[in-house]
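Novice: Got a structure here, written out as structure tokens. Questions coming.
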Amino acid sequence: MHILVTNDDGVYEPGLLALTQAARQVADKVTILAPDHNWSAAGHVKTLHRPLRINQTELEDGTPAWATDGAPSDCVALAQLGFIPEKIDLVVSGINPNANIGHDVTYSGTVTAAMEAAIWGIPGVAVSLNRPEEFSGAADYQPAAEAARRIIAWLLTQPDLPKDAILNVNVPYGPLSKMKGFRMTRQGMRIYRDELIRREDPRGKPYFWIGGQAPIGVEEPGTDYGALSTGFVSVTPIQLDLTHRAMKTWMEERGFQEKVLIT
Ligand code: MN
């Protein structure tokens, strides 16, 4: 089994090192191709209008790695387009220092790397740590890495794992012994608390900055946020098909095709 590890925070971030070490315990081969700078909240990207560079580097523990100026989703595409010649069986992305739940998923570079994997027919796992908002200093990624290792190990033993499987994993912050277990969840509701900060540059021209407090969420049972807030590791199977099926039915019921398109 060959695992490609990437992230959205940058190749030298400790979350990627922890995830690499976890992946190495369950795979024969682990390749790292990750961004050379932070792409958090940069979303699902395909870089088409500038060249992409890839440089050889190594992680803190000496593990060889590739660093690119492309986005997390570019990393997966670069690998699949031939930069990494060996077949990749699974893409794992993370460990992001903050949770990626609910509406975060299309913003998240961590999650969109896993989404890119699904486009190429490779299962993808995004792993994020629900580090407390007030937290500062070095985070302990070991419990989340162990949770990720267990999930990856389980996935790799499944002979009929769907090729477009994407698991969005969010791990509570704290020791493994304090976690209540794994919960299969659905996406919950994020509550963003963004504020527009308007300032002036030294030449008197206004500029704008999206600031405000960290997002919170609705603590609904069965959801990612609900699981995290009650101490469970949240595992949400997600897909790229964003079709709003209830809305489709709603439009059909109101005769959308006959009434809008034909008249
Ligand atoms: Mn990030």
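Novice: Residue by residue through the stretch 84-96, which ³J(HN,Hα) values in whole Hz follow from phi under the Karplus form 6.51 cos²θ - 1.76 cosθ + 1.60 (θ = phi - 60°), with glycine and proline marked x?
Specialist: Each residue of the stretch 84-96 in turn: 9, x, 6, 4, 9, 9, 7, 10, 10, 10, x, 8, 6 Hz.
Novice: Let me ask something additional. When N counts the residues of the stretch 173-245, how does its alpha-carbon radius of gyration compare numerically with 2.2 N^0.38 Å, as a ratio?
Specialist: On the way: Rg = 18.4 Å, N = 73, 2.2 N^0.38 = 11.2 Å.
Normalised Cα radius of gyration, the stretch 173-245: 1.64.
Novice: Quick check on the chain: what does the Kirkwood estimate of hydrodynamic radius come out to from the alpha carbon pairs, in Å? Let's see the in-between values first.
Specialist: Values: mean 1/r = 0.0514 Å⁻¹.
This gives a value of 19.4 Å.
Novice: Turning to a different aspect of this structure: Once Rh is set to the Kirkwood radius over Cα pairs, what Stokes-Einstein translational diffusion coefficient, in µm²/s, holds for the stretch 1-141 at a temperature of 25 °C and a viscosity of 0.890 mPa s? Intermediate results must be reported in sequence, preceding the final value.
Specialist: On the way: Rh = 14.7 Å.
In µm²/s, the coefficient rounds to 167.
Novice: Restricting to bridges with both residues inside the stretch 23-68, how much of the DSSP beta-bridge set is antiparallel, in percent to the nearest 5?
Specialist: Values: 5 of 8 bridges.
In the stretch 23-68, approximately 60 percent of DSSP beta bridges are antiparallel ones.
Novice: A further question follows. Rounded to the nearest 0.05, what FRET efficiency is calculated for GLU195 and HIS103 with R0 set to 22 Å and r the Cβ-Cβ distance? Before the final figure, lay out the partial values.
Specialist: Details: r = 17 Å, r/R0 = 0.79.
After rounding to 0.05, the efficiency reads 0.80.
Novice: Okay, next question. Springs between alpha-carbon atoms under 10 Å, Gaussian network over the chain: tell me which of LEU156, LEU242, LEU228 tops the mean-square fluctuations.
Specialist: With Cα springs under 10 Å in the chain, the top fluctuation among LEU156, LEU242, LEU228 is at LEU242.
Novice: Taking only pairs that are 8 or more places apart or on different chains, how many Lys pairs in the chain have Cα atoms under 21 angstrom apart? All intermediate terms of the calculation are to be shown ahead of the outcome.
Specialist: Numbers: LYS29/LYS87; LYS29/LYS163; LYS46/LYS163; LYS87/LYS163; LYS248/LYS259.
For the chain, the number of qualifying lysine pairs is 5.
Novice: Set the Förster radius R0 to 45 Å, insert the Cβ-Cβ distance between LYS248 and ARG203 as r into 1/(1 + (r/R0)^6), and round the FRET efficiency to 0.05.
Specialist: Details: r = 50 Å, r/R0 = 1.12.
E between LYS248 and ARG203, to the nearest 0.05, is 0.35.
Novice: Viscosity 0.890 mPa s, temperature 25 °C: what is the translational diffusion coefficient of the stretch 1-74 from Stokes-Einstein with a Kirkwood Rh over Cα pairs, rounded to a whole number of µm²/s?
Specialist: On the way: Rh = 12.5 Å.
Estimated via Stokes-Einstein, D reaches 196 µm²/s.
Novice: Pop a pseudo-label 7 angstrom from the Cα along the beta-carbon direction at both GLU220 and GLN257 and give the gap in nm to one decimal.
Specialist: 3.1
Novice: With unit charges on the beta carbon (Lys/Arg positive, Asp/Glu negative), name the residue among ALA139, ILE119, LEU16 whose Cα is farthest towards the positive pole of the charge dipole of the chain.
Specialist: ILE119
Novice: While we're here: Kindly rank 55-61, 39-45 from highest to lowest mean number of other beta carbons found within 10 Å of each residue.
Specialist: The most tightly packed comes first, giving 39-45, 55-61.
Novice: Given the chain, what percent of its DSSP beta bridges are antiparallel, to the nearest 5?
Specialist: Working: 20 of 46 bridges.
Of those bridges, close to 45 percent are antiparallel.
Novice: For every other residue with a beta carbon closer than 13 angstrom to the beta carbon of ASP241, add +1 if it is Lys or Arg and -1 if Asp or Glu, then tell me the sum. Working shown, then result.
Specialist: Numbers: positive: ARG245, LYS248; negative: ASP164.
Residues close to ASP241 contribute a combined charge of +1.
Novice: Running Debye on the stretch 208-258 with equal point scatterers at the Cα sites and no solvent, what base-10 log of I(q)/I(0) appears at q = 0.15, 0.18, 0.21, 0.30 Å⁻¹?
Specialist: -0.74, -0.82, -0.86, -1.06
Read-outs: derived from the displayed coordinates by stated rules, not from any lab. Everything quoted here is computed from the prediction, not taken from an experiment. Positions of Cβ are generated from backbone atoms using ideal geometry, with glycine treated the same way; all protein chains shown enter the neighbour counts.
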